[in-house]
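Trainee: Structure below; questions to follow.
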Amino acid sequence: MQWPRNGTLNHDIITPMMHYLQDNGKWEEIPYLDLFYYLGRRTDWQKECGIMVLTVANEKCRGCENRDQKADYLVKYKDPGEDVSLLVSPSAPPLETASEEEGEEGGETREKGDGKSKQHTPISKRTRGHLVSKKGGREGGTHVMAPLREAVGPQGDRVMVKVPFSPNDLMIWKQSAGSYREDPDRTARVVKMVIKTQNPDWNDLQVLLDTLMDSTEKEMVLRAMTEKAREMIRLRVADGTLNELVPREDPEWDPNTARGHQALKGYQELLIEGVRTGIPKTVNWSKLYSVKQEKNESPSAFLERLKETARRYTSLEVEGEAGRLQLALIFMGQSQEDIRKKLQKLEGEDTRNLEKLLEVAWKVYNNREKESVRKQQASMLAVLQQAVGRGRDLLSMLQARIIFEGGRVKLEIPEENIGKMFIIKEVEPQPIREEIEQAVVPWVWETGTPGKSKAAQPVVVELKEGKEPVRLKQYAIKPEVRREVAPIIDQYLNLGILQECESEYNTPIFPVKKPNGKYRLVQDLRAINEITKDIHPVVANPYTLLTSVSEKFEWFTVIDLKDAFFCIPLALESRKYFAFEWENPDTGRRRQLTWSRLPQGFKNSPTIFGNQLARELEEWKTTQVTVPSMFYVVLQYVDDIFLAATERDICSQLTISLLNMLGQGGYRVS
């Protein structure tokens, strides 16, 4: 038996060769032949491999005659009753041919003419089609359950057969997937790869899940699949019952029928989604913002780290439009200094195009030592002065440093102020329109008296275990400054925001002079912040938050809540932690005062207030807003509310409704 030196894609040559290898037990060579069979069937593979398949005009060429002679030789010496279907490589040495009695029922296994046993391939004789009992029914023994694989059928067509997973494959996939609890997305990618390349059936998928995760994790995946299937049934995007879509026992789908093939494909897709969403993701945006590009790290590697962190710790769809836009801003702000400066010079759509940012970053990365890049850094000062027209004031606002080094000028700006560079012109706030002012409750506007949320529950502050009370002496305050602060203290006492107390805790206060000459009362709560338990911060980055605003929104409203933290009450047992000493400038009496509301300077105040306001905004949107969500968006950053809409009427309607909700809820708007 001769095989072309460079192989062939001709089915008429591959099939006899498969018979030859099978008859001679050359099982290790069959996978090599399989590659040519699949390559001949997949034109897309041929294109990727650069293979051009040519046909010979003369059917009786010399090569064809040799091939026909080989085929005749095979036909001459082969059993005419042999089943030539399912010619695939077995996972183990062939089983001994089962001796079965001759009979009319259930199909005969011996040819009556010559008495020879009917031969099957090692795989085909184990399939359900060949396991037939004397009475015409299937045998009660177990069947080999293995991944589905294309093979040559009796008529030269393609059929699906099973090839078992090897223990080595399962071990490799287990190592590639890692811990499912720590990285569900990584495990989901491995499962997706196995399904795409192996096309496993129901039983094989259970084996795969048992290998990659423990029983508890598997149950979480199956529960997520069930929830997804229930949603698909409710939305009428899937036919069948819940048990048909996500069966808990082997449904025995036949992959060679259209219905069985479709059911198996649907189950595979549900499984991938179940693995991806089975374990609730721990959202921690701070992890994403802590990823900085290393000095010698390539831009592509840095971007991949950002994507991986976003998948693990955020709900961001990194391949979606919104996700790519947000990654572009993060990539720009957290790149190395030389790359970041170059990226900040891009304009328009380029600043939001991740591919463009990556292209520019690679150019800087590959040309770091060129003098032209350093000269461009020195020109930033002139660009800023020309764009804004207020040079020194702008540099002061940005906290910039100008460094003269080696005959060049270098401008350094802190990372937290980079976003301010995108503000070209300051826009004056517009006055409130008369129709809006007349349509809202009058007490929503600030009058000097802080509001109080009607829905907020008193906040209980918890201390870290083993922490002792904090007692810090009061700083010396000049008498004239104390007299300036006294009216503020008296006002808060009259409103009940401050209360007299006796506490083992004490932290100092210090007045801060404002630009208008008046003083603001500030308390140094750093010591209290050290001993109180942390609350995971959910305050979003304002520049990142604005990336979710689409260009279709053209009308905007910005609402700033007055004395926001004072709207949240403190529990009685927690007020003692915020006590401070106060000396009356007129009487000289010293006493301890404390806050009955959430104080400024407490580390958890922004998160506590932000969570409370977010709950009330969510309730407002679900119970009072009738406008479809595609026509508006509401964003919140601590005590600032941003409303954007596609049309002016929608913006006015939602602004009135939002202001009334805030007023009725006890808040005040400045």
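Trainee: Exposure proxy check: T449, T557 ranked by fewest other beta carbons within 10 Å?
Mentor: Neighbour counts put them in this order, fewest first: T449, T557.
Trainee: OK, next. Amide H neighbours of V522 under 5 Å, at least 5 residues apart or on other chains, H built in the peptide plane: list them.
Mentor: For V522, the qualifying residues are F510, V512.
Trainee: Could you sort out which of K454/K603; K287/K345; K265/K356; K287/K518 sit more than 30 Å apart by Cα distance in this structure?
Mentor: As for pairs spanning more than 30 Å Cα to Cα, those are K265/K356; K287/K518.
Trainee: For the range 175-180, just list the computed ³J(HN,Hα) in residue order, Karplus coefficients 6.51, -1.76 and 1.60, θ = phi - 60°, integers in Hz, with x standing in for Gly and Pro.
Mentor: 5, 5, 6, x, 7, 5
Trainee: Find out how many positive minus negative residues lie around S605, taking Lys and Arg as positive, Asp and Glu as negative, among other residues whose Cβ is under 11 Å from that of S605.
Mentor: Every neighbour counted, the sum reads +1.
Trainee: Another question, then. Once you put a point 7 Å from the Cα of D210 and another 7 Å from the Cα of L235, both along the Cβ direction, what distance in nm separates them?
Mentor: 3.3 nm
Trainee: If you don't mind, there's one more thing I want to ask. Can you work out ³J(HN,Hα) from phi for every residue in the range 331-348, in order, using Karplus 6.51 cos²θ - 1.76 cosθ + 1.60 and θ = phi - 60°, giving whole Hz and x for Gly and Pro?
Mentor: Values, residue by residue: 4, 5, x, 10, 6, 4, 4, 5, 5, 4, 5, 5, 5, 5, 8, 5, 10, x Hz.
Trainee: In whole Å, what is the distance between the alpha-carbon centres of the range 441-495 and the range 606-653?
Mentor: 28 Å
Trainee: Give the relative contact order (percent, whole number) for the range 282-368; include only Cα pairs under 8 Å separated by 6+ residues.
Mentor: 29 percent
Trainee: Now for a separate question. Got a sec to turn the phi values of the range 606-615 into Karplus ³J(HN,Hα) couplings, 6.51 cos²θ - 1.76 cosθ + 1.60 with θ = phi - 60°, whole Hz, x for Gly and Pro?
Mentor: For the range 606-615, the Karplus curve yields x, 5, 4, 5, x, 5, 5, 5, 4, 5 Hz.
Trainee: Kindly put L316, L235 in sequence by how many other C-beta atoms sit within 10 Å of each C-beta, fewest to most.
Mentor: Going from least to most buried by this count: L235, L316.
Trainee: Now, a different point. Extension gain K174-D490, at 0.36 nm per residue separation less the Cα-Cα distance, in nm?
Mentor: This chain segment gains 107.0 nm when fully extended.
Trainee: May I pose another question? V669's amide H: which non-local residues (gap 5+, or another chain) put their own amide H closer than 5 Å, with H modeled 1.01 Å from N in plane and none for Pro or chain starts?
Mentor: Long-range HN contacts for V669: W445, E446, K562.
Every read-out reported here was derived from the displayed coordinates using simple, explicitly stated rules and does not represent laboratory data. The structure presented is a predicted model; accordingly, all values stated were derived computationally and were not measured. Heads up, the Cβs are rebuilt from the backbone with ideal geometry, glycines too, and the neighbour counts pull from every protein chain shown.
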